Structure formats: C-alpha cells, structure tokens
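**Student:** I have a structure here, written as structure tokens, and I will follow up with some questions on it.
The values are calculated or read from the model by the stated rules, or taken from the named source; none is laboratory data. This is a predicted model, so every value here is computed, not measured. Neighbour counts are summed over all protein chains in view; Cβ atoms, including those assigned to glycine, are modelled from backbone coordinates with ideal geometry.
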Amino acid sequence: MIRRKKFWALGISVCALLACGTSRVAFSESPVALDRIDAYANHALNGKVLRSADILVLRKGETVYHKQFGAAQPDSIYDLASLSKAVATTTAISILSDRGLLKTSDPVVNYLPDFEFCDTRIAGTGSTATLDCALKKTITIDQVMRHRSGLRDRVSVDDVRAAPTPAEAFDLLVRAPVFSRPGTVFKYADINFIVLMNLVEKVLNGSMADFLAKEVWAPLGMTSTGYLPGEDRLSRVLPTRQDEDAGTVNDPMADALGGVSGNAGLFSTSDDLSKFAQMLLGGGQLGQTRILSEAAVQAFGQTKGTERGLGWDVSSAYALAVRGNLGGGFGHTGYTGTSMWLVPARGLAVIILTDRTYMGENSVTSTGIAHLRESVADLVAQVYPK
C-alpha cells in the first residue's frame, strides 16, 4: 500500500483546545463517580500523552459513561491497531469454528499446507532458529491464537514491501522458523495473526474483510467499521502520525501487506465497538442477532493454564493496566492507544480509543496511556464492585 504524502488537516474546536469533554451518554445518566474519568482524560491531554480520546463504559446493557475529549468527535473513527486481532481475526476464526469449517485443535498445516516450510536464513540479524523446522507441522490453531506457536516476528517490513504480490509477501512471512517448542512459551508476535487471516481466507476461498463486513459488521449495525476507510469516511478518521494522512494504517507490517492484515488494520468508532461489546456480553448475541455461540465467547476468557484466552488477553503483562482492578474477564490493547476490557460475569465493558501515537511513540505516551487505562478500569471497578 502506498502511503499518502499529503497531510489532511483536521479542524479542532475551541472545546478541543481547552481539552474539555463532549458528553454522549446513550441510555442512562452517567453516575457522578464516573465523571472522575474526565480528569484522567484531561490530564493525559494536558500531558501530551494523546491528542484525543473517546471513552465508553457499558454495564448490564446500558451505556453509563461516554465522552469525547480533545480532537475527538462523537463519530470519530480510530485505527484500532492490534485490537484488530481480537475484534476481527479472532471473531472470524470463531465463526468458522462454530460452523464446523475448522477446529482450533487442528494443526495449521491442515489448512495451510505451505506452513510446514521454513527458511532459517530469514531468522533475523543475530538470531538463529533453535529448533528443527519440522516442529511447524505440529503447531495448532489454538497455539497460534494464544501466541504460543514458537513463531517470532523476524521478517523485515522492507522485505515484505519488496515482494511483487501479497501472495509472495505471505509466502515469505509464513516461512519464518520456529524459535521455541510449540505450546511451551508465550511470545506475543504479529506473525501469529497474519497466519490466522490467511488461514481464514484459505477456508473461505475469499476475503476475511468481506466476510466480516457481511457476517458481523452489517448484522450488528457497525456501519463505521472496516479496513481501508473510503473517501466518504476519511474526514472522520483521526490520524495516528503527524506526517501521514488520516486513514493510513499505523502498523508497518499491516501497511506493507496493503492495509488489510490479521494483526492490525481495522478502523472503528466507540459506538460500533459498544455494539460489538454488547454482543459479547450477551454471550454472542445482540437482540435477535446471534454472531457467535456462547461456547465461543466463553473460550475468549479460558486460559487453559496460560496467560491468554482464545485470541484475547486475560492475564499477560499486556493486560495488567487495561484490566486494573476489574478482575476476571478478557480484553486486548492496540499500539495506537486503543483498548477494550470485558467482564461478562458483571456485565461490564470499558472501551478506550485514543491516538497516542500522534503525540509520539515514546515513553511519555506509552506510560501515559497505561496510566489512563488503569485509572479508568480501577474507577469502574470501584463504582461497580459486583
């Protein structure tokens, strides 16, 4: 995908400059205690942790808090970054599993025969594969979804960009060697979900993006969710870097793959994600519309003795800040400053969308967004202890 050179300036209101919030509570009045979230968000804005934020809290079918801050508007669209892994790719895998088109206990090679091959020459500078590549034949879909496949992100973005076609780019990626015995070590790696998207498309013999648009986004009324925002939506997209246009995918590998990838690339709004969250809190169903089986949703929070559920985080180091004192449940984060945490047993969901990378990719923004996530989660846990 060719990165756009011209930067589209976004108009910022007086309210944005003053870092004030725009209330948007959908169903019930925001409990007074939750209004402390305003201070947390404004502190992040004033500390130049982020340029905008959209924060939404659900409880038992109602939106109990929803406000925008800074440059955000009620319909602002955000680059979800790695939150795409959970919302998009995991959902696609789960639907196919529900329909009997795959089993997560199956080896990946059952669906992607070329997955068994590997090339130790692409292990990366100063790195060597530590195990026999024959072990790739044993890697299961379940292990890939829990980041326990033994794969690592060793292929350079430049090499992927240089590939003549997307198919050849994936062929390069899929030949990455094994660095640990499958199922034994947790190592978060984008390659896992890049493999999963290609597995989905092999099973479908079609596009995962199109499949999700038809089977998930449209039925749930998620009208602003999808990959590669079109011209009709670009004015609503908040850019994630100051030197790039709105709509350019922040993740380098997803961008190199054309903007549609299993690891990143999805764009959405807080309203759309609230519908998705309500569906998960409803055991896979929103109103009369069923997207996933109850068993599929339950699997998202079942760790099987590991740090991760199926495609979602539960207790890894990445989950600590976003989970805070909420305890239980599952969620995921995105590098651009996005996150979602759900506690189905208590009917709670916390959605935070920001553009923290716009302010810089440094310790100030990374530490600041972690503090914002944890502060919001702890407050929600305090207001709704059960």
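**Student:** Can you give me the number of residues within region 332-375 that are crowded, with 20+ Cβ neighbours inside 10 Å and of a type in the set (D, E)?
**Tutor:** Going through region 332-375 one residue at a time, the tally reaches 1.
**Student:** Please verify whether A213 is among the small types (G, A, S), at pLDDT 95 or above, over 23 Å from V343 (Cα atoms) and surrounded by fewer than 19 Cβ atoms within 10 Å (Cβ to Cβ), treating the condition exactly as stated.
**Tutor:** yes
**Student:** Separate question: Run F27 past the list (1) surrounded by 14 or more Cβ atoms within 10 Å (Cβ to Cβ); (2) at pLDDT below 50; (3) part of a loop (DSSP other than H, G, I, E, B) and report the number of the one that doesn't hold.
**Tutor:** Of everything listed in (1) surrounded by 14 or more Cβ atoms within 10 Å (Cβ to Cβ); (2) at pLDDT below 50; (3) part of a loop (DSSP other than H, G, I, E, B), F27 misses just condition (1).
**Student:** Please work out if A169 is closer than 17 Å to K85 by Cα and outside any loop (DSSP other than H, G, I, E, B).
**Tutor:** Taking the combined requirement at face value, the residue does not satisfy it.
**Student:** Report whether or not V314 is within 22 Å of V57 (Cβ to Cβ), in the same structural domain as R241 (by TED's automatic domain parsing) and among the aliphatic types (A, V, I, L, M).
**Tutor:** When the stated conditions are applied, V314 passes them.
**Student:** Now for a different question. Restricting attention to region 59-94, and to residues there that are of a type in the set (D, E, K, R) and surrounded by fewer than 24 Cβ atoms within 10 Å (Cβ to Cβ), which single residue is nearest to L45 (Cα to Cα)?
**Tutor:** The selected residue is D75.
**Student:** Now for a separate question. State which residue is farthest from the chain's Cα centre (by Cα) when the search covers only region 276-287 and only residues that are within 28 Å of Q68 (Cβ to Cβ) and surrounded by fewer than 22 Cβ atoms within 10 Å (Cβ to Cβ).
**Tutor:** The residue in question is G287.
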